[in-house]
């Protein structure tokens, strides 16, 4: 509801609040004729009077000036509508058969005949009022009467993305049409404006009306005959502008999608209801390296891309090559913060197309990405479920997250995390190379993953799998329907046994996996070699009062063991020879000693104080009888 408030000092300066009191405009009392405005503008002192808005004449002069500006602005706008709707149409139509089909030209210029008709009518009314300003000094009632027809602008804005895209497609599809467009844009009447700019003008028109009529209302006195009507006109414009703003937001989203489509060079990326949620560069943890990848999250798919050129040095303008389009409907995101040998900024994507580990630049960025992906996937599943009438009950979370071997691409364990076959424990070398099971992602030797099984995520192509995956996948095919899957059962092939003598004999004390559950502590430590005095980095696991040493963090067999029960844990406070060149080195060194054997000691070095405290506490608990 409109509220009015008069100042009490002069009776001339008036304020109006509207829109719940959010705006306060100074108002003035009288309104001059355009004749007096023109006479005053030639007076040498008129410039000074125009700046004095608190005087009756100065503010009245401004009201008249704004009314004229409404008319001249409308005139310029209608001329541009005519330039596109009449002149451009006629220019192209001369060679329409060779240039572009008439129906497609009409589609590009849809709404422009109606817009030109509406705004030409408004222009006639505005012009008539300005000519008769002395006898009828008002203009806002025109907008009250015909403002409702401005709703066509909301419709135009809604359809603009499609029409704009269609126009660009026609430029590529019809070379003759493109030549005519370029020729028309060189005409003097275009004033260096491109067709795209002329098509954008209706989008900018409502904000222009809003600005002009706000200024008009601002300078009207409350008692003016046009005052209340002006408020009503402005309210109509604001309501239509709000509706158009909603369409503009959709247009802004469309522009982002259009920009993305040009960067990936794919014509079918833009789809109905597809939105761009998030994009950015993350690190992908590969089997042998850490590489930058550009990830794009859309409302229904995740794009896994790499950049191959950069424009203006901005990663957001990178040209992208799509490697994988991953549907969100069955995508799963896992946080790897609790994994012993992972960074706190690592997280994992698991899907039927591709699974991989990503690393963000910060913990906050990782949380943002995980939330965005999970929210998008959840929203998509919710939308899809509404179209599935058979899903009357909510799917339990455990069933939804269940992963069946062969249906989802596994995350490969990086090569550096394994120094031996995770099945037979034979150590890798130049002759014994690493191979990954395509079912579960573990690292094996050639023999332990030489089975072949059809994998659903590879469109049932037969590929390398370990023994356990081979048996599980084959059992699943029999369980479903052996007859129906007979064509796939023929794709299974069992490996040959290891050659005699090739299997490694492992002592029982070393048979402990580096990633075994229930470990009291785990992580990288540097152990001092007694003979050389050098520090050797290894992966250590404390479990069941025994300290196990490994070459890599995912090995299945330890290289050494150290029972810690009865040993004493001592933090070394004094400097030792090997740490003289390392600042604060002594604060991260501890040793295990035997009270009865002074010569027996194991010296370790951690990366920081936090790790030191973790290991000391765990070893003290493990070395004491409970």
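Every read-out reported here was derived from the displayed coordinates using simple, explicitly stated rules and does not represent laboratory data. Because the structure is predicted, anything quoted here is derived from the model rather than measured. All Cβ positions, even for glycine, are placed from backbone atoms using ideal geometry, and neighbour counts span all protein chains on display.
Here are some notes:
- Applying 1/(1 + (r/R0)^6) with r as the Cβ-Cβ distance of residue 508 and residue 432 and R0 = 30 angstrom yields a FRET efficiency of 0.80.
- Computed FRET value (nearest 0.05) for residue 86 with residue 330, which takes r as the C-beta separation and R₀ as 60 Å: 0.65
- Taking packing as the residue-averaged number of other Cβ atoms within 10 angstrom, the listed peptides 253-261, 138-146, 545-553 run from highest to lowest as 545-553, 138-146, 253-261.
- Packing-based exposure ordering (other Cβ within 10 Å, fewest first) of 568, 189: 189, 568
- Among 117-129, 370-382, the order from most to least packed when residues are scored by Cβ within 10 Å on average: 117-129, 370-382
- Measuring spread by the Cα atoms of the range 109-251 yields a radius of gyration and Dmax of 18.2, 61 Å.
- Cβ-based exposure ranking for 72, 408, in which fewest neighbours within 10 Å come first: 72, 408
- Semi-axes of the equivalent ellipsoid of the range 415-490 are 28, 10, 9 Å, computed as sqrt(5λ) over the eigenvalues of the C-alpha gyration tensor in descending order.
- Label-point separation in nm, residue 479 to residue 288, each point 7 Å along Cα→Cβ: 3.7
- Two-decimal ratio, the range 223-381, of alpha-carbon radius of gyration to 2.2 N^0.38 Å: 1.40
- Footprinting exposure proxy for 251, 479 (fewest neighbouring C-beta atoms within 10 Å first): 479, 251
- Theoretical FRET efficiency, 1/(1+(r/R0)^6), r = Cβ-Cβ of residue 114 and residue 270, R0 22 Å, to 0.05: 0.25
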